[in-house]
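Some notes on the structure that comes next.
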Amino acid sequence: MKRWLPFVKSDPLVSVVRLSGTIAASARGNTLSDAALAPVIERAFKKGKPDAVALIVNSPGGSPAQSALIAARVRRLAEERNTPVISFVEDVAASGGYWLACAGDEIWLDASSIAGSIGVIYAGFGFQDLIARYGVERRVHTAGESKSFLDPFKPEKPEDVARLIQLQEPIHEAFKAHVRARRGDRLKTDRDLFTGDVWVGQQAVEVGLADGIGHLVPKMKERFGDKVRFALHAPRRGLLSRLGAPGVAAVVDEVEARLLWSRYGL
């Protein structure tokens, strides 16, 4: 009742946004995209005038562009509303997942959390020997010599690999710039943190990728008192999703997501 009474201060409020899943432009399945999260993040910062916004991050990564868009949205609202943001990592905040965690002013981990993987990866397959074995002839006609770039049904070309590296480098540089801007002098300078390697729990704290070991509820009670309130904000799921009826595309997304999670033993 006291929140409705004038001149009576309400108990502290922390908005909680769960960022769990792979990161992709598609809003299907358990994926994180800027379009799907935009209304969620807006509500988290604006509804009830929260004292802080907590991000619960559990993601092996995905699209660098979507990671950047989501993190930029969080930072813009944090600055506009003058609201602190604290990230809490569950199983993993790797690659794009760590990009999201860095949207927080602080990053807290579990002792078994995996963090880092600050790099860019491309993975594919080569099927040229397979189709040759079955007598299949690949016919490709392009206007523009780069249109068949990295064609999986043709032998890999050194010039294609060199071009891929050129494409990956600016993405990697943007990732590194984001981490440096957000973590600042907390990052240790006696080792290269941008090789794509990962660290676990206290190791991540020691190299400056996180601020300490801590969990959402006790850490927020420590900061705002035992009467702190939590408001969870999450995307609204469609009817078919709630009924557990995924389509074919969602199944494909799930396979790709499992491959990403499996890189970290999850």
| query | Taking into account only those residues within the stretch 44-65 that are part of a helix (DSSP H, G or I) and over 16 Å from Arg18 (Cα atoms), which is most open to solvent (accessible area, probe 1.4 Å)? | reply | Lys46
| Could you list, in sequence order, the residues of the stretch 165-181 that are under 21 Å from Leu109 (Cβ atoms) and either free of Cβ contacts under 8 Å to residues at least 40 places away in the same chain or in a loop (DSSP other than H, G, I, E, B) (or both)? | Arg180, Ala181
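Suppose the filter is at pLDDT 95 or above and either acidic (Asp, Glu) or out of contact with any Pro (no Cβ under 9 Å at 6 or more places or on another chain) (or both); does Leu69 pass it? Show your work before the answer.
Values: at pLDDT 95 or above: yes; either acidic (Asp, Glu) or out of contact with any Pro (no Cβ under 9 Å at 6 or more places or on another chain) (or both): yes.
Yes: the conditions hold for Leu69.
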| message | Every residue in the stretch 182-226 that is in contact (Cβ under 8 Å) with a residue 40 or more places away in the chain, assigned to a loop (DSSP other than H, G, I, E, B) and not polar (S, T, N, Q), please. | response | Leu193, Phe194, Gly196, Asp197, Gly201, Leu209, Ala210, Asp211, Gly214, His215, Gly225
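Would you confirm whether any residue within the stretch 92-113 is modelled with pLDDT under 65 and either in a helix (DSSP H, G or I) or over 16 Å from Ala204 (Cβ atoms) (or both)?
Initial filter on the stretch 92-113 (modelled with pLDDT under 65): none.
No: the stretch 92-113 contains no residue that is modelled with pLDDT under 65 and either in a helix (DSSP H, G or I) or over 16 Å from Ala204 (Cβ atoms) (or both).
The values are calculated or read from the model by the stated rules, or taken from the named source; none is laboratory data. This structure is a prediction, so every number in the text was calculated from the model and none was measured. Don't worry about glycine lacking a Cβ; one is built from the backbone with ideal geometry, like all the others, and counts go over all protein chains shown. Side chains are part of the model used for accessible areas, which takes the heavy atoms of the whole protein and leaves out ligands, DNA and RNA. Shrake-Rupley method; radii C 1.70, N 1.55, O 1.52, S 1.80 Å.
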